[in-house]
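Below is one structure, written out as structure tokens, with a few remarks after it.
Every number here is computed from the coordinates shown, using simple stated rules; none is lab data. As the structure is a computational prediction, the values presented were derived from the model and not from experiment. FYI the Cβ positions are ideal-geometry reconstructions off the backbone, even for glycines, and counts take in every protein chain you see.
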Amino acid sequence: MIDNILCRAFIGKKYPDVAVRQMCVTICCFAIRVLPFTSTVGLSVLQARAILYVKLLEKQKEFTMRTRLWQRVLPIVLIILTMSVLGAGMLSAQDGTVAQPVNIFAEFTQVYEDVSPSVVAITVTVDFRNREVTGGGSGFVIDQDGHIVTNNHVVDDASRIEIEFFDGTLVEAEIVGLDPDSDLAVLHVDLPPERLFPVEFGDSDALQVGQPVIAIGSPFSQNWTLTSGIISGLNRTIRGLGDFSVGGVIQTDTAINPGNSGGPLLDLEGRVIGVNSQILSRARVSSGVGFAIPSNLTQRVANELIANGVVNYSYIGISGSDVTLDLIQELNLPNDTRGVVVTNAVPGGPASLSGIIGQSTAPVGDVITAINGTPVKGMDDLISQLARNTLPGDTITVTIIHNGSEELEREIVLTSRP
């Protein structure tokens, strides 16, 4: 409304004809709304340009609102107007200075140039039914000792692993450790430190949905391919390669295809925030739903594999599901109640020994709502918290809703996964 009033007040004095004035208003309002500034200087520039273009149009003898000429010319005018103002830079609403628009593509290029020397292409040879089969994936250097992170499923059962670096260096790698539960693996190559460029890790707990991200990898053997997208969701759960799930997983619409597995998911600072691992797709190609193992879990797993060759996760001994509307209505709980409904507490397991009961042995299973005072939003969150923050032998305090109404705390001594 304000845009229309300003434009009409300015243009009406010079162009009393309603049709011409309306055209000016259309042009000005389009530009004002499209361009991200509303300073007085910016408005004057737009109005002056609108007047100029209308004068040019009026020189056409057949220019009248009763013809279709304006319909043909108006789109061109709008394009010229927008491009001419954008080309001159954007005016700041605060001080009238020129602020250049952010070029996100330049950031992509910079990240690619900075991080590509840290990313590797992996070719594996597997003995299958008395013949050699080759496959591939991606990975990245994490230190100058020659350690490389990739996915477990990329190198599992490999008889030979070949690593190619961005500068063309080829070297054979050996497996340091595999972790099927997180689908992560650590490899080692024998190269001097000055030829290794470790990545920098970001904090996966600080990510936000909608944040731009980049993947670098070798989809379909197209080495060092960059794809981009956003973070579509957080705290997802995916199946590991064993009996347990991976929590805290990052969902992204960045194109992830066969060969991207094990490569880094990066923020615009070039920091690794995840390891690209899985996609949801019936056709085994990107459908816009990809998953990356979070960087904080990746660091923990990598450090343990380097130190011990295996990862020792804590175990609580329950199966469960998220709180549902049916349960809320059945127990008359507040509508914002969130947590994990214990469907089964494994007999003799840590949770069972602490007194937690599941629906398999009681009409109403206990509902876990917090761990050590941190709210638990659901099963995904519970898995993530335990994997990131606890070790076997730790004692945790869980807050539960018992018998559908009573809020209690239980202390659980975690053990190792069986």
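Treating r as the C-beta distance of residue 160 and residue 220 and R0 as 30 Å, the FRET efficiency rounds to 0.90.
Here the extension length gained between residue 171 and residue 110 equals 19.3 nm, from 0.36 nm per residue of separation less the Cα-Cα distance. Would you mind classifying the range 314-416 by shape? Square roots of the alpha carbon gyration tensor eigenvalues, ordered a ≥ b ≥ c; an a/c under 1.5 is rounded, otherwise it is prolate if a/b is larger than b/c and oblate if not. Note, shape of the range 314-416 comes out prolate. Per-residue extension of 0.36 nm, minus the Cα-Cα distance of residue 328 and residue 411, leaves a gain of 27.4 nm for this segment. Counting every other Cβ atom within 10 Å of each residue's Cβ, 190, 127, 381, 183 order from fewest to most as 190, 127, 381, 183. Computed on the range 201-298, with alpha-carbon pairs under 8 angstrom and 6+ residues apart, the relative contact order is 29 percent. With kT/(6 pi eta Rh) evaluated at 25 °C and eta = 0.890 mPa s, and Rh the Kirkwood radius from Cα pairs, the range 160-280 diffuses with a coefficient of 158 µm²/s according to Stokes-Einstein. Its residue count N fixes a reference of 2.2 N^0.38 Å for the range 179-230, and the Cα radius of gyration divided by that reference is 1.50.
Between the range 361-390 and the range 397-418, how many Å separate their Cα centres? Each part reduced to its Cα centre gives a spacing of 8 Å. Projecting label points 7 angstrom from Cα along Cα→Cβ for residue 209 and residue 307 puts them 3.5 nm apart. With N as its number of residues, the range 111-195 has a Cα radius of gyration that, divided by 2.2 N^0.38 Å, comes to 1.08. With R₀ fixed at 25 Å, the C-beta to C-beta distance from residue 239 to residue 128 puts the FRET efficiency at about 0.60.
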